[in-house]
Amino acid sequence: MACKAFINIGKIVSGAIDNPVLDGDTIIVEDGLIAAIGTADLLDKYQADQIFDVKGTTVTPGLIDSHVHPVLGDFTPRQKTLDFLDSALHGGVTTMISAGEPHTPGRPKDPDGVKALAVLAHKSFYNLRPSGIKVHAGAVILEKGLTEKDFEELSRQGVWLVGEIGLGSVKTADEAATMVGWAKKNKMKVAIHSGGTSIPGSSAITADMVMAINPTVVSHTNGGPTALPEDEIDRLIEQTELPLEIVQCGNIKAAVFIATRLKEKNQLHRIIMGNDSPSGSGIIPLGILRTMAQVASLTGIEPEKVVAMASGNTAGIYGLNCSLVEPGREADLVVMDAPIGSAGQDAMAALQKGDLPGISLVMIDGEAKVFKSRNTPPATRQVEVS
Ligand SMILES: [Zn+2]
């Protein structure tokens, strides 16, 4: 049994919005799962083969990007870029959720074609994880002509995501609501575009349409990239309990508005974070960290709770066993510290100042995938391995 230990942890950020900081300075990982959290005497009970001395820095869950648009493998035709997923891993992202694969060259738009694409993307990413990242893809795009049987067939093939509604030819609330009913009957999770039109061929989606369609998650409530007006955002906040996604490739003013409103209502469990990339705004390898720093520095929300918006909140909504520091969870962990020169003294204080933490280790399923990040500024204190 492979056993690893993180020792001398300054702060354990759990990823749970209601209990964001855990007591202890030691985490034990066994066979890819978190086995125990506590103090150094755990080392008497567990024989660790590998010890990560994190030198008083912070351990957080691996981050989840709730909104990516992959195609196949680690290449995107949208911005003609290789290794963009690997780059995000260096920004602490260990899990990604596809909001659809609309950038597939020559994307089919007939029912058989969209089904085939979703099955292909789903199986391809499950067979091969780029750089170890858990990419949940194969998010079927809703096109006219899909039937209830098609959703049953997709579900049998393992497809469990519906790409953001609005990308395909299904555009009215009536058409979409019927298909969402079929999708939910088959236990699929449904995303919906919200706000202004993103690319030619997609459509603007208002708060009324979102409420009539009743998805699992409202994608980029702060704009992808054009945000809903504040009064419509308010209606989604007041009249629904839907999770609201904040993305990097959106509108920062609207992001602050959403987070502030939900803080006032004590409903921070409703926020999840994504990049919405690759997109017209590009590819931002540190996009999740940037979104965290923006929300933590501009809203007064504790940075430890902001971490939960990019980890435990999303895992809960999508039913994933990752991105929470808790025994039995998949050992996806990030070690971070204040970057050299930051006004903040540790990773969380840096976020509060609006700085991006420096990452010195990223682990997926108990395997260290990254030590010194090639994308973040260097951490003040680096992990030592023995
Ligand atoms: Zn969108």
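The values are calculated or read from the model by the stated rules, or taken from the named source; none is laboratory data. These numbers were taken from a predicted model, which means no experiment stands behind them. In this analysis, Cβ positions are derived from the backbone assuming ideal geometry, glycine residues included, and neighbour counts consider all displayed protein chains. Each accessible area value is taken on the protein alone, full model and side chains, heavy atoms only, with ligands, DNA and RNA left out. Shrake-Rupley method; radii C 1.70, N 1.55, O 1.52, S 1.80 Å.
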Inset, instruction - Considering each residue of the range 45-79, count those that are assigned to a loop (DSSP other than H, G, I, E, B), of a type in the set (A, V, I, L, M) and touching a Ser or Thr at 6+ places or on another chain (Cβ under 6 Å), and give that number. - result: 1
Legend entry - Enumeration of residues in the range 159-174 that are open to solvent by 30 Å² or more (accessible area, probe 1.4 Å), more than 16 Å from Lys185 (Cβ to Cβ) and either assigned to a loop (DSSP other than H, G, I, E, B) or within 16 Å of the ligand (Cβ to nearest atom) (or both): Ser169, Lys171, Thr172
Inset, instruction - Working carefully through the options Thr216, Thr260, find the one that is farther than 27 Å from Val59 by Cβ, away from the ligand (no atom under 13 Å from the Cβ), open to solvent by 10 Å² or more (accessible area, probe 1.4 Å) and under 18 Å from the mean Cα position of the chain (by Cα). - result: Thr216
Inset, instruction - Residue by residue through the range 182-213, note down the ones that are more than 9 Å from the ligand (Cβ to nearest atom), open to solvent by less than 10 Å² (accessible area, probe 1.4 Å) and small (Gly, Ala, Ser). - result: Ala183, Ala207
Legend entry - Scope the range 138-158; condition in contact with a Leu (Cβ under 8 Å, 6 or more places away or on another chain) and away from the ligand (no atom under 16 Å from the Cβ); matching residues: Gly138
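May I ask you to list the residues in the range 80-113 that are in a strand (DSSP E or B) and either open to solvent by 20 Å² or more (accessible area, probe 1.4 Å) or of a type outside the set (S, T, N, Q) (or both)?
Selection gives Thr81, Leu82, Val93, Met96, Ile97.
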Legend entry - Contacts under 7 angstrom Cβ, first residue in the range 161-184 being farther than 11 Å from Ala99 by Cα, partner open to solvent by less than 10 Å² (accessible area, probe 1.4 Å) and among the small types (Gly, Ala, Ser), 6 or more apart: Val170/Ala176
Inset, instruction - Hand me the list of helices (runs of 4 or more DSSP H) wholly inside the range 298-361 holding 1 or more residues that are among the small types (Gly, Ala, Ser) and in contact with an Asp or Glu (Cβ under 7 Å, 6 or more places away or on another chain). - result: 347-352
Inset, instruction - For the range 114-125, state whether one or more residues are out of contact with any Phe, Trp or Tyr (no Cβ under 9 Å at 6 or more places or on another chain), open to solvent by 60 Å² or more (accessible area, probe 1.4 Å) and assigned to a loop (DSSP other than H, G, I, E, B). - result: no
Inset, instruction - Name every residue in the range 2-28 that is surrounded by fewer than 22 Cβ atoms within 10 Å (Cβ to Cβ), charged (D, E, K, R) and touching a residue at least 40 places away in the same chain (Cβ under 8 Å), in order of residue number. - result: Lys11, Asp18
